[in-house]
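First up is the structure itself, then whatever we jot down about it.
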Amino acid sequence: MTVNYKSVFDIIGPIMIGPSSSHTAGACAIGRAANSIFKDKPTDIVIHYYESFAQTHKGHGTDYAIISGILGFEPDDSRVPYAIGLAQKQGINITFIEEPGDSPINHPNTAIIDLKNDSKQITVAGCSIGGGTIEIREIKMDGFDIKPKGPLPILLVQGGEDDHQNVTDQLANLTKVNDQKEYQSGKGNLYEYDLDRRLKAHEIDELVKNNNKLVYL
Amino acid sequence: MYMSVAELVDAAKTTKKPIYELMIEQEMETSKNSREEIIKTMGRNLDVMEAAVKKGAEGDGVFSTTGLTGGEAVKLRDYRKTGKTLSGDIMMQAVQNAISTNEVNSSMGVVCATPTAGSTGTLPGVIFTLRDRLNLTREQMVNFLFTAGAFGMVIANNAGIAGATGGCQAEVGSASAMGAAAAVEIAGGTPDQCSEALAMAISNLMGLVCDPVAGLVELPCVKRNAIGVGNAMIAADMALAGLTNKIPADEVIAAMDKVGKGLPKALRETGLGGLAATPTGIRMKEKIFGKASVKA
């Protein structure tokens, strides 16, 4: 069985601005994942909604929630309801598309986010599985097409065998790695680690110190 | 990690520890955070719940931007003052607390999702009513939330808690079951009685659909939390009286998962079926989002 809810605070929490944990707090979390991967200010944001997200995003405040996440806001930030205006003021173009078909990642609460600016472009496919908890099921970045199982936390490391070994050693002291995958592109290798528990801020800092292209979701 | 109600109940009986203590220990193990940090975080969640219970029932109350919901916790507050409630004041206090919390949620106020925002009023509805009924300390209330969370994790990992995948039974049904089980423990019931309360609470809401008008977490979500809290109190009382569900809790959770997967899409948070598809529901959607939003 996949354990998606690893902490009591996944159930009692999050503290959030209403109205929906899956369509507001969860949408914000998918946006935050995209923000963590992009690590830069986008000029263009395109959001593709599927199924329940396509039908009810307007009513649930999904639009401002997902944009607030892309801007890096927490779900209980009082700026969450104003995120779209704040992004537009920064000159970011935003497009929402209600896709008619079934979710390509097989979940009714699906959002696929395209972010780009002059130097890069990414795609992140996430689904909101309830109570503010999300899964990330596909990431396209730097020529890689990454397909994680879904549950967070996920660690992505780009580099060579040395980087792979260093991170593997560091993680061995921290937590269990539930799944590990390797991807290749013209730009080298990327290693995906599905972790058993969330890392603390200082543990992530320690990992980033050795590898600044590391992504923690 | 406790993956079934049976495991949780067995562990409580073998170790003679309360379920909240098992939950705190599990959280310390999985998060590597200290007991103090974990209890402090739960205390913050309790504070947010208390603020929402109060806010929705103060003055004229709170209202959503659409005007579909709001101001009704205040009506209950005033009605209770007459002393003529049919269900008794304890029950109506619980209902007021639940509705107040969900009205705050619909008005884009701050809530603590338990387990979801749509079902956010159910657990506070139970806990702040029991506070007054049983003179609970803050520590006991925080413990209540750990117990509720322990049962909630089992439900979420075995069946899910999203209306879009499991219907409202997965949201208000789960919240109600968590509240029922935690209420039993805090009232002095046994671990087996907690399990029975959970099983009865879910069984009573089995099949409840998710049919939000205009896709908004307003109608019928706010009042569904009234039945969530009422059902939790009733299931807890039944368990404490020694009634049993006959079908064990883990089988009930598995059944809820199957029922949820069998629900048509129109009844899983798409706003296309149930109350959302009534003539009045459709008119409300047209008024809020324009005629183009409603496809023929």
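The values are calculated or read from the model by the stated rules, or taken from the named source; none is laboratory data. Just so it is clear, the model here is predicted, and its values are computed rather than measured. Note that each Cβ is placed from the backbone with ideal geometry, even for glycine, and that neighbours are counted across all protein chains shown. Note: accessible area is taken over every heavy atom of the protein model, side chains too, but ligands, DNA and RNA are not part of it. Shrake-Rupley method; radii C 1.70, N 1.55, O 1.52, S 1.80 Å.
In this structure chain A gives 40 Å² per residue of accessible area when probed at 1.4 Å with all protein chains present.
Between helix A:51-60 and chain A, what is the angle of the helix's C-alpha long axis to the longest principal axis, kept within 0 to 90° and rounded to the nearest 10? Roughly 60 degrees, rounded to the nearest 10.
Charged side chains reduced to their Cβ positions (Lys and Arg at +1, Asp and Glu at -1) give chain A a dipole of some 340 debye around its Cα centre. For the range A:1-85, the spread of Cα positions along the three principal axes, ordered from largest to smallest, is 38, 29, 28 Å. Ranked from largest to smallest solvent-accessible area, with a 1.4 Å probe on the protein heavy atoms, B:Phe63, A:Phe38 come out as B:Phe63, A:Phe38. Annotation: peptides A:4-17, A:174-187, B:20-33, B:117-130, ranked by per-residue average of other Cβ atoms within 10 Å with the highest first, follow the order B:117-130, A:4-17, B:20-33, A:174-187. Among the GluC sites (Glu not before Pro) within the range B:50-133, those in coil by DSSP and having at most 13 neighbouring Cβ atoms inside 10 Å are B:Glu58.
Mean-square fluctuations from a GNM of chain A, with a 10 angstrom spring cutoff on Cα atoms, peak among A:Gly91, A:Gly131, A:Gly72 at A:Gly91.
For the protein assembly as shown, a simple Cβ point-charge model (Lys and Arg +1, Asp and Glu -1, everything else neutral) yields a dipole of about 1320 debye relative to the Cα centre.
Each of B:Ala113, B:Thr85, B:Met153 was scored by the projection of its Cα onto the charge dipole of the range B:63-191, and the greatest displacement toward the positive side belongs to B:Thr85; charges sit on the C-beta of Lys, Arg, Asp and Glu.
Checked against a 20 Å cut-off, the cross-linked pairs A:Lys200/B:Lys32; A:Lys176/B:Lys258; A:Lys58/A:Lys116; A:Lys6/A:Lys213; A:Lys181/A:Lys213 give Cα-Cα distances beyond that limit for A:Lys176/B:Lys258; A:Lys58/A:Lys116; A:Lys6/A:Lys213. Net charge near B:Gln193, counting Lys/Arg +1 and Asp/Glu -1 over other residues with Cβ under 13 Å of its Cβ? For residues surrounding B:Gln193, the net value is -3. If you wrap chain A in the convex hull of its Cα atoms and look at it from every side, the mean projected area works out to 11.9 nm².
Just the Cα atoms of the range B:5-293, one point each, no solvent: what log10 I(q)/I(0) does Debye give at q = 0.10 Å⁻¹? The computed values of log10 I(q)/I(0) come out as -0.50. Averaged over the residues of peptide A:193-203, the number of Cβ atoms from other protein chains lying within 10 Å of each residue's Cβ is 1. Classify the protein assembly as shown as rounded, prolate or oblate from the Cα gyration tensor: take a ≥ b ≥ c as the square roots of its eigenvalues, call it rounded if a/c is under 1.5, otherwise prolate when a/b beats b/c and oblate if not. It is oblate, given that a/c is not under 1.5 and a/b is not larger than b/c. Counting protein heavy atoms only and a 1.4 angstrom probe, how many square angstrom of accessible surface do chains B and A bury in total, to the nearest 100? For B against A, buried area totals roughly 3600 Å². Local charge sum around B:Pro279 (other residues, Cβ-Cβ under 15 Å, Lys/Arg +1, Asp/Glu -1)? Net local charge, B:Pro279 excluded: +2.
Positive end of the dipole of chain A (Cβ unit charges, origin at the Cα centre): among A:Ile94, A:Ala33, A:Leu195, the Cα lying farthest that way belongs to A:Ile94. Within 10 Å of the Cβ of each residue in A:49-58, the mean number of Cβ atoms contributed by other protein chains is 5. For the range B:181-209 and the range A:120-134, what is the separation of their Cα centres, given in Å? Result: 33 Å between the Cα centres. Helix screen, chain B: DSSP H segments with Cα axial length of 24 Å or more and mean Kyte-Doolittle hydropathy at least -1.0 are B:35-55, B:89-106, B:138-158, B:221-240. Taking chain A as a Gaussian network, where each spring joins two C-alpha atoms under 10 Å apart, which residue of A:Ser128, A:Ser52, A:Ser21 fluctuates the most? It is A:Ser52. For the range B:164-252, trypsin sites (Lys or Arg not before Pro) are listed when DSSP marks them as loop and at most 15 other Cβ atoms sit within 10 Å of their Cβ; the list is B:Lys246. Each part gets one Cα centre, and for the range A:64-116 versus the range B:1-32 those centres are 38 Å apart. Taking every residue in A:127-137 and counting other chain Cβ atoms within 10 Å of its Cβ, the average works out to 5.
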